[in-house]
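The values are calculated or read from the model by the stated rules, or taken from the named source; none is laboratory data. Just so we're clear, the structure is a prediction, and the values are computed from it rather than from any experiment. Note that each Cβ is placed from the backbone with ideal geometry, even for glycine, and that neighbours are counted across all protein chains shown. For accessibility, only protein heavy atoms count, side chains too; no ligands or nucleic acids. Shrake-Rupley method; radii C 1.70, N 1.55, O 1.52, S 1.80 Å.
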Amino acid sequence: MKIGIVGLGNIGSAHLAYLMEMDNAEIAGVCDIDRAKADKYAEMANAPAYYNHLDMLEKAGMDAILISTPHYDHVPIAVDAFDRGLHVLVEKPVAVHVNGALKIHESYERAKAKNPKTVFGIMFNERTFPHYVKIKDLLDGGFLGKLTRVTWINTKWFRSQAYYDSGGWRATWAGEGGGILTNQCPHNLDAYHWYFGLPEKIHGFAKIGKYHNIEVEDEVTAVMEHKCGLVSQFVVSTAECPGTNRLEIVGEHGTLIYEDSKLIFHQNRESMLEYSDRTASGFTRVETWETHIPIDYSQPYGHKSVTEKFLNSILTGEIDLVAHGCEGLNPVMIANAIMLSSFEEKAVRLPMETGAFERKLAELIKTSKYVKKDTAQISDFI
């Protein structure tokens, strides 16, 4: 399968490294607006170098494209690729705002009308993580029964000022379109939506540059309400050390907790809701057992696993993706709603008006007085 990569920064170069080792992939071209970078990786991959995506789309003879550019570029590149009949795998987030995601969806539908086997994938690689797969399995199996509360604290996204200073586009409204919700947390927001669906109402509290010299959010707390009665708290930060990644899911049959690579189910002997209705006691509790859920880490997971399924879907004609590209819309909507709620200091109902956050973003870009002092490169990538 002839595939091209556009965007050769930290993550794009990582994708290229494993693609070069895959038997079912041929690097048809690499593209970056930084000519030196494009030339460097083209030599490594023994492939042509391109300096704008349109040249690569027209000349490289590709079957598929992997888009790993800064976020705003995802939409025009994906649209141009679909319009030329290519299969598309895009890095997260699919877009910065809801209307951007919808533009990609529309171009995908046009491509699919011409070729029903057009493949559209998104790089939600954390869906392949064994602990998240096991949680999904337990939820789908109904082990917790009716869900009542979710609390997800993920503050293990520590980023230094040097990280934010790297790259002229990073941590700016015009260059990235947001901070932790746009860059780090699309994975968390995707997992949230994958598990629990779209909330009905969101209250967001976002702190802008609380810990870093940036103009975007580096700490967020959100409260989300679902039609089924489920209420959740979502807390994220790029400033905490050592940080916490604790996901607590409460259902009528018990509480599931993921933390420190351990998955523990505090299982109720009977439904706590039914017990509450029938017991004559005011203080006795449901008997509970603690079970350590085994997690199989022997299976492959990560970015390469997502790309393998993408390529196999193209080659076999049987669509079997880790995450379909259209699934990228709702995590973007949740992120947009959190930020809009914070800016407007009121709850936002979902599905939200599609242009609401786009208009706010345009205002933030227009009124921005932020000047980045340094664009030095960082030496590591996580």
* To do: Would you check if there is a residue in segment 278-286 being within 28 Å of Glu200 (Cβ to Cβ) and either out of contact with any Asp or Glu (no Cβ under 9 Å at 6 or more places or on another chain) or surrounded by 15 or more Cβ atoms within 10 Å (Cβ to Cβ) (or both)?
  => no
* Could we say that Ile264 is open to solvent by less than 70 Å² (accessible area, probe 1.4 Å), touching a Leu at 6+ places or on another chain (Cβ under 9 Å), assigned to a loop (DSSP other than H, G, I, E, B) and aliphatic (A, V, I, L, M) here? -> no
* Restricting attention to segment 164-195, and to residues there that are open to solvent by 30 Å² or more (accessible area, probe 1.4 Å) and in a loop (DSSP other than H, G, I, E, B), which single residue is farthest from Lys373 (Cα to Cα)? -> Ala174
* To do: State all residues of segment 216-230 that are assigned to a strand (DSSP E or B) and surrounded by fewer than 17 Cβ atoms within 10 Å (Cβ to Cβ); if no residue qualifies, say none.
  => none
* Asked: Do the conditions hold for Leu198, that is, is it farther than 30 Å from Tyr370 by Cβ, modelled with pLDDT of 95 or more, out of contact with any helix residue (DSSP H, G or I) (no Cβ under 9 Å at 6 or more places or on another chain) and among the aliphatic types (A, V, I, L, M)?
  -> no
* Show the residue pairs that are 6+ apart or on different chains and have beta-carbon atoms under 9 Å apart, the first residue being within segment 150-163 and farther than 19 Å from Leu189 by Cβ and open to solvent by 40 Å² or more (accessible area, probe 1.4 Å), the second being at pLDDT below 95 and acidic (Asp, Glu). => Ala162/Asp374
* **Any hit, segment 136-148, residues being buried (at least 21 other Cβ atoms within 10 Å of the Cβ) and under 19 Å from the mean Cα position of the chain (by Cα)** => no
* Asked: Do we find a residue being in a strand (DSSP E or B) and either in contact (Cβ under 8 Å) with a residue 24 or more places away in the chain or under 30 Å from His266 (Cα atoms) (or both) anywhere in segment 93-106?
  -> no
* Check on Ile202, outside any helix (DSSP H, G or I) and either in contact with a strand residue (DSSP E or B) (Cβ under 9 Å, 6 or more places away or on another chain) or open to solvent by 10 Å² or more (accessible area, probe 1.4 Å) (or both) -> yes
* Asked: Just checking, how many residues over segment 108-127 are open to solvent by 20 Å² or more (accessible area, probe 1.4 Å) and not in a loop (DSSP other than H, G, I, E, B)?
  -> 6
* Return only the number of the condition from (1) of a type outside the set (Asp, Glu); (2) modelled with pLDDT under 95; (3) at positive phi that Gly302 does not satisfy. => (2)
